[in-house]
Amino acid sequence: MPKPIYVLSGPNLNLLGTREPEIYGHETLEDVHRLVAARASSLGYEVVCRQSNHEGVLVDWIQEARESASALVLNPAAYGHTSIAILDALKMLSIPVVECHLSNPAARETFRRKTYVSLAAAGIISGFGARSYELAVEAAAGLAR
Ligand code: CA2
């Protein structure tokens, strides 16, 4: 069995499904994690799914992924637009990184157009709700091979 694909989510995504369904969909983060686990399993991978509201915790998990993961799917949430610490941690990885967003930040407020994470990502999947995570896991598995 290959190392798992890490699926990390940033701040406020623990509340997914409780508000703004027109932007983020109706699924909870638990639903999303179930979907990605099934998709990954069909591709021969396990997933490690985690969420944190804390930048440093996300940095710790990204560092952990250096040794423990085949690939990383990251929805950095708002930290994608602000966090050089997360970008620096991502730059230390030699595994593929796929950035993922439920909404399409490029079609929203101008401050969401900049993402630091994309500087270290193989690609970005955004705008497909929970399906963005499934597509990102599929891309990550393809790149990890
Ligand atoms: O579209 C995405 O996945 C985002 O990463 C979500 C972030 C936002 O800051 C990014 O620009 C795009 C916001 C996450 C908010 O979390 C929610 C909590 C409850 C209900 C809906 C979303």
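The values are calculated or read from the model by the stated rules, or taken from the named source; none is laboratory data. In this text, all values refer to a predicted model and were calculated from it rather than measured experimentally. Neighbour counts run over all protein chains shown; Cβ positions are idealised from the backbone, glycine included. Keep in mind that these areas ignore ligands, DNA and RNA; they rest on the heavy atoms of the full protein, side chains included. Shrake-Rupley method; radii C 1.70, N 1.55, O 1.52, S 1.80 Å.
The residues on offer are L15, L58, and the sole one that is farther than 14 Å from R131 by Cα and open to solvent by less than 70 Å² (accessible area, probe 1.4 Å) is L58. Assess whether T110 counts as being of a type in the set (S, T, Y), more than 16 Å from H33 (Cα to Cα), surrounded by fewer than 20 Cβ atoms within 10 Å (Cβ to Cβ) and near the ligand (Cβ under 10 Å from one of its atoms). No: the conditions fail for T110.
The C-beta contact set for region 32-44 (first residue touching a residue at least 60 places away in the same chain (Cβ under 8 Å), second residue in a helix (DSSP H, G or I) and open to solvent by 70 Å² or more (accessible area, probe 1.4 Å), distance under 7 angstrom, 6+ apart or interchain) comprises R39/E138; L43/E138. Within region 13-31, the set of residues being more than 9 Å from the ligand (Cβ to nearest atom) and without any contact (Cβ under 8 Å) to a residue 12 or more places away in the chain comprises E22, H26, E30. When V137 is tested against (1) surrounded by fewer than 17 Cβ atoms within 10 Å (Cβ to Cβ); (2) outside any loop (DSSP other than H, G, I, E, B), just one condition goes unmet, and that condition is (1).
The set of residues in region 18-55 that are open to solvent by 40 Å² or more (accessible area, probe 1.4 Å) and in contact with a Leu (Cβ under 6 Å, 6 or more places away or on another chain) comprises Y24, T28, R50, Q51.
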